[in-house]
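J.: My structure is below; once you've seen it, I'll send some questions.
The values are calculated or read from the model by the stated rules, or taken from the named source; none is laboratory data. In this text the structure is predicted, and so the values were computed from the model without any measurement. Neighbour counts run over all protein chains shown; Cβ positions are idealised from the backbone, glycine included.
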């Protein structure tokens, strides 16, 4: 086995379910450092592993996920420099300090990239860590508890940011903004393909997600360790209110968490020098990173083509089939992220196979951009001593937009080599012949839709449609004060229904049309 082979040697997780307290509630920087310290110790090195950390990468805080915008009030402040706040607590001085990109795929994507750097010999060891303390922030505000998490720390760091915006100005103006109001477009398109009523589709989600909650109930690091029945998940109630058709509260990622996770990577040669036991080594056997087209240009809204390309590439490079994989964690921010992955993997999502290692984002918890690092840390723990077993992580960011896959094993397999997803990325970008009508006028039909609730009551929404004249796709919001348009949007099956569209001052509006 080559000394340059990259391996994962440590992992750790942290959760705090306690009431907020200045004496005990850790800031995100505190948590990220604490869990990184535990991951370094978990490696079991006899030498000074921390001294060889060349890269420290910290997951971007959820509150920093929109540039130049405050996503929610946080009166307690945070570090101006998360990577060096964490490094200072750990007592290390890495050559590269990284504040990771926005997106649920970033932990897995960073593992993929750092594995290549380790193999190339430019990195001796790396720590990936991240944390969220949103539960403490929200509960402290409600209880009047005062906290002070402000930090001003010097030090240069790589502030990664996506090169391309998640949505165009046209998409943003018409509703492609909040993930919950975008993923429901995909759910409704899938529901129409399956020919299910709203109630039947919710019941299906309940059956898929109830096993996730059972896994969370047994996970000591879960924020919400309660098993919920399929009927509870599927049925709107005071505790499980409607958010956006078809979603009830307990069908979607829960971000009110206090959770942290970290993993440590190095090479086989470094591990041997540092006396890290071989029984602690976990191998990244294959990986892939593929990104989607913008939402409005995707030919099929009921799943992600790019996700399938990423999964297929990783499996092919690993030289195994899905049935060879013992441990699976599918990103579960919303149900369609799971069902789309299952479709590409040839798995029946209701077939009884475990699809999560943690319990998933609605039940384990959705710690912002860092969730998949919890799944990876879980893989490190599970694969140690598991012989020839494999694990698959499918991470997702944006609006089913960015997909990163990792296939892990306790055994090294063939000689490690960097993998390329360039062909798959080209295929993903070339997979559309959709023509978009940014200025839409005339008759059309609904292709999919978002019906949004506020405090459990129908509020508003938007549609994806096709113009009757030429099949160009368009986005449109409801005609203001149109009860007929509202009734259509919140009806049993808007998809396929006729609409009339008009354009005014940069916005398309839809009203009830005639066939």
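J.: Condition test on residue 13, is it touching a residue at least 24 places away in the same chain (Cβ under 8 Å) and either crowded, with 23+ Cβ neighbours inside 10 Å or closer than 20 Å to residue 373 by Cα (or both)?
T.: Answer is yes for this residue.
J.: Among (1) outside the structural domain of residue 373 (by TED's automatic domain parsing); (2) under 29 Å from residue 348 (Cβ atoms), there is one condition residue 238 misses while meeting the rest; what is its number?
T.: With respect to (1) outside the structural domain of residue 373 (by TED's automatic domain parsing); (2) under 29 Å from residue 348 (Cβ atoms), residue 238 is out only on (2).
J.: Could I ask something else about it? Need the failing condition index for residue 278 against (1) free of Cβ contacts under 8 Å to residues at least 24 places away in the same chain; (2) outside the structural domain of residue 376 (by TED's automatic domain parsing); (3) more than 24 Å from residue 451 (Cβ to Cβ); (4) surrounded by fewer than 18 Cβ atoms within 10 Å (Cβ to Cβ), just the number.
T.: (2)
J.: While we're here: In this structure, is residue 348 on the phi < 0 side of the Ramachandran plot and modelled with pLDDT under 95?
T.: no
J.: Here's a follow-up. In the stretch 468-504, which residue that is exposed (fewer than 14 other Cβ atoms within 10 Å of the Cβ), at pLDDT 95 or above and over 29 Å from residue 199 (Cβ atoms) is farthest from the chain's Cα centre (by Cα)?
T.: 469
J.: Counting only residues that are under 13 Å from residue 420 (Cα atoms) and in contact with a helix residue (DSSP H, G or I) (Cβ under 6 Å, 6 or more places away or on another chain), how many does the stretch 288-310 have?
T.: Number of matching residues: 4.
J.: Anything in the stretch 399-418 that is part of a loop (DSSP other than H, G, I, E, B), at pLDDT 95 or above and touching a strand residue (DSSP E or B) at 6+ places or on another chain (Cβ under 9 Å)? List them, or say none.
T.: 401, 416
J.: Here's a follow-up. Just give me the residues in the stretch 149-179 being buried (at least 17 other Cβ atoms within 10 Å of the Cβ) and closer than 25 Å to residue 132 by Cβ, in sequence order.
T.: Those that are buried (at least 17 other Cβ atoms within 10 Å of the Cβ) and closer than 25 Å to residue 132 by Cβ: 149, 157, 166, 167, 176, 179.
J.: Still on this structure, I have one more. Out of 431, 437, I need the residue that is in contact with a helix residue (DSSP H, G or I) (Cβ under 6 Å, 6 or more places away or on another chain) and farther than 23 Å from residue 35 by Cα. Which one?
T.: The unique qualifying residue is 431.
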